[in-house]
1. State the extension gain, in nm to one decimal, for the chain segment bounded by Arg588 and Asp122, taking 0.36 nm per residue of separation less the distance between their alpha-carbons.
2. Could you order Lys174, Lys254 so the one with the most accessible surface comes first? Probe is 1.4 Å.
3. Put a dot 7 Å past each Cα toward the Cβ at Met475 and Leu65; how far apart are the dots in nm?
4. Can you put Glu572, Glu489 in order of accessible area, largest first, using a 1.4 Å probe?
5. How much net charge surrounds Ala291 when only the other residues with a Cβ under 11 Å from the Cβ of Ala291 are counted, with Lys and Arg +1 and Asp and Glu -1?
6. Leaving ligands, DNA and RNA out of it, work out the accessible area of Tyr398 with a 1.4 Å probe and give it in Å² to the nearest 10.
7. What shape does the stretch 501-595 take by its C-alpha gyration tensor, where a ≥ b ≥ c are the square roots of the eigenvalues and a/c under 1.5 counts as rounded, a/b above b/c as prolate, and the rest as oblate?
8. Dividing the convex hull volume of the alpha carbon atoms of the stretch 208-312 by its residue count, what do you get in Å³ per residue?
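The values are calculated or read from the model by the stated rules, or taken from the named source; none is laboratory data. Note that the coordinates shown come from a computational prediction; the quantities given were computed from them, not determined experimentally. Here Cβ is always computed from backbone atoms with ideal geometry, including for glycine, and neighbour counts include all displayed protein chains. Each accessible area value is taken on the protein alone, full model and side chains, heavy atoms only, with ligands, DNA and RNA left out. Shrake-Rupley method; radii C 1.70, N 1.55, O 1.52, S 1.80 Å.
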Amino acid sequence: MQKQIPQMVDPTLAEMGKNLDEAMKILEDNQRPSEEEKDGKKYTRKDIPGPLQGSGQNMVSVLQLVQNLMHDDEEEQSPSLRRIQNVGEQGHMALLGHSLAAYISVLDREHLRKLTTRILSDTTLWLCRLFRYDNGSAYYHEDDREGLLKVCRLVIHSRYEDYTTDGFNVLYNKLPVIYISAASRPGLGQSVCNQLGLPLSCLCRVPCNTMFGSQHEMDVALLDRLIKDDIQSGKCPLLLVANAGTPGAGHTDKLGRLKELCDQYNIWLHVEGVNLATLALGYVSSSVLAATKCDSMTLTLGPWLGLPAVPAVTLYRHEDPSLSLAAGLTSSQPVEKLRALPLWLSLQYLGHSGIVERIKHASQLSQKLLENLKNLSPVKTPVENDGSSPVVVFRFVYEGCKSDSTLNLSTIERDSDALNQWLGDQLAALVPSSGVDIVELEDEGTCVRFNPLMTCAVLGTTAEDVEQLVACLRMKIPVLENTLRLKEEFRQEVERIAGLSYINDYSWAGLGVLRYEQFSEEQDAAKREADLEKITVALLKKLNELETDLTFCSGPEFGAEKNCIYIGMASEDLDVSELVETITAMGREIEENSRLLENMTEVVRKGILEAEVQLNKANEERLLEEGVLRQIPLVGSMLNWLSPVQATPKGRTFNLTAGSLETTEMTYISKAQTTGLTPPPTPTSAHGKRQAGQKLFKRLSRNSDAMSETSSISHLEEVESLEALPMPEYDSSAAENSAMGEPFATAEQSSTPSIVPTETSSEGSQEPSIPSANTAESDSLR
């Protein structure tokens with residue numbers, strides 16, 4: 001694009017292209033404000049519109065403001081949840097088209113008419129040839145539902161001759177009927193009826209096959225009966241909306257049979273769906289190829305080709321241009337025809353080969369993923385893929401439910417939706433460039449969908465991304481299987497222990513949900529609920545501080561269950577009993593500490609009052625014992641110097657454990673502070689013993705048993721080596737002295753001579769004695 005700009009004759013166009021390049025460089029700059037700038041702008045009222053500056057701002061300042069607004073929300077979101085569109089050079093061409101459309105609109109009317117006619121005719125011809133739609137016209141629109149709306153107006157004008165003059169009065173005696181598949185986009189039929197001013201009774205939803213064929217294809221036989229019933233009721237079958245790629249599963253209706261049925265009853269057939277993109281490929285399946293015979297189709301080229309802000313296109317066939325003008329499919333205003341200009345530029349930039357290559361690349365990614373899923377037995381593709389659809393829908397299915405008698409099949413089915421929801425979220429977060437999302441299907445439930453035609457060109461998905469997606473899927477499958485296998489054991493362990501309640505929350509994909517029930521006799525329900533909330537918060541904090549692979553949270557923000565502990569996905573070697581007992585022990589400890597803290601204020605207050613009474617009483621006793629004269633400062637000093645008082649210090653200590661005052665006489669006698677009561681032991685789980693470096697709640701595997709056997713063998717070898725050492729001789733006299741209470745050196749002390757006091761001699765001196773080897777040997781034998 002930059003090489004062609006200098007060759008332009010009009011300098012304004014060259015300047016426009018240059019400004020667009022500079023603007024895109026500023027907007028695509030990945031630099032973020034520094035932390036100091038963030039702190040400085042933290043309290044600014046940037047979201048509140050301010051007055052316009054009198055002198056105005058230059059283009060760079062305005063674009064910098066736009067960039068700040070674009071990236072403002074990204075700072076609050078995690079990087080894995082953001083999907084940045086890959087705007088390449090073809091995207092710049094589409095953006096340039098919008099600028100050119102605004103510039104061309106100021107030309108004189110004659111030049112504008114010629115230019116718009118050329119742009120519109122070229123784009124329509126290219127699209128009709130590219131998607132095998134001969135002799136078609138095109139309508140370009142921003143909303144992808146607007147094309148169907150205009151087509152409905154065209155059919156109403158065609159079927160009701162007096163509609164132009166009489167309006168809705170001609171519809172009263174013969175109501176039109178619009179048939180739409182039950183697998184179509186939600187709200188599509190209601191939107192069309194609301195825009196046309198038709199009652200919802202004019203909308204007929206056709207069910208999909210329930211006994212024969214795909215569960216996502218329209219039931220043709222049932223549609224035939226519905227049309228006959230409406231004709232007998234005096235209604236006018238008007239239009240049928242079919243799918244070449246349903247929004248959920250990507251299935252294609254039997255378009256050939258539907259076209260025959262529509263021709264029989266004079267019904268307009270409109271087709272839409274992602275599979276229409278495959279019409280541009282060299283090989284097209286017969287089911288999708290039948291769409292070329294329909295009366296109209298809607299193409300969404302923007303996501304298919306990665307083109308931003310390009311309009312959708314509705315191709316249609318109709319011979320009366322006046323009715324097309326009345327329905328709004330064509331316009332006499334040249335400015336409206338400029339909607340095709342961004343697409344006109346982009347199609348020329350990509351070329352026929354570039355367009356086909358992008359669609360072919362998306363189809364190959366789907367086939368690559370589908371082949372890899374065949375090697376993963378727990379992952380099933382419940383929606384049959386006939387090769388014509390680039391949409392891949394898969395779902396995790398637990399295969400151990402048949403062999404494991406402890407698991408209930410209904411429980412497996414309920415938990416599968418939550419597990420697949422978790423799986424889809426994990427894959428989307430780990431491989432955001434894959435574009436996978438979650439879809440809810442009526443019969444299959446929650447599934448993970450890979451639709452590269454709608455995301456590949458936008459996100460820049462490659463074959464490496466598909467390989468990474470499969471690798472992440474292999475990594476998550478064991479976690480899903482282990483969690484589902486341990487769910488029932490977790491429920492039984494929780495129900496076995498008093499003080500815990502098991503909560504059935506089928507929307508949670510983790511190990512399970514429990515609630516700690518406190519042992520409180522509080523009558524006030526609000527106070528009891530507040531205490532339970534404090535205990536739950538403290539328990540969650542302590543659990544998250546543990547060294548474990550599990551995750552603990554309080555559940556969804558707007559969930560129905562409150563004050564619960566939600567436990568995440570489990571590993572294979574999880575010890576469920578240890579986990580539940582640890583939670584119980586921690587809850588008891590937190591509850592006891594909470595109750596102690598609540599009573600501490602009252603206990604301390606009573607203790608202080610009692611201490612004041614006893615101290616006053618002690619002062620009175622001291623006054624009576626010492627006399628009044630000793631209380632006089634000068635006289636008391638003289639008396640104390642002449643006749644000192646030998647009084648034992650009297651004090652008090654407050655025992656928080658017992659909640660009582662105690663005397664300090666034993667402290668002064670023993671020269672050490674003692675406690676009268678032994679504090680209760682801290683509750684711990686029964687499975688608290690584990691090896692060094694081993695995380696909590698891990699079962700001992702075979703490797704750990706082997707380690708314990710090895711350690712026991714090494715211990716026996718050590719004992720045998722000690723027994724092989726020469727045995728020291730036994731000294732009976734040293735043993736007798738030891739039995740009589742005389743001190744002697746231990747085996748550790750025998751290496752360093754120490755002085756031990758003996759009996760005092762008649763001269764009053766003490767003779768140090770060095771313990772002999774016999775004494776040390778006798779002590780070692782003890």
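1. 160.0 nm
2. Largest to smallest exposure gives the sequence Lys174, Lys254.
3. 4.4 nm
4. The ordering from most to least exposed comes out as Glu572, Glu489.
5. Surrounding charge for Ala291 is 0.
6. Counting only protein heavy atoms, the figure is 30 Å².
7. Judged from the Cα gyration tensor, the stretch 501-595 comes out oblate (a/c at least 1.5, b/c at or above a/b).
8. Spread over its residues, the Cα hull of the stretch 208-312 gives 114 Å³ apiece.
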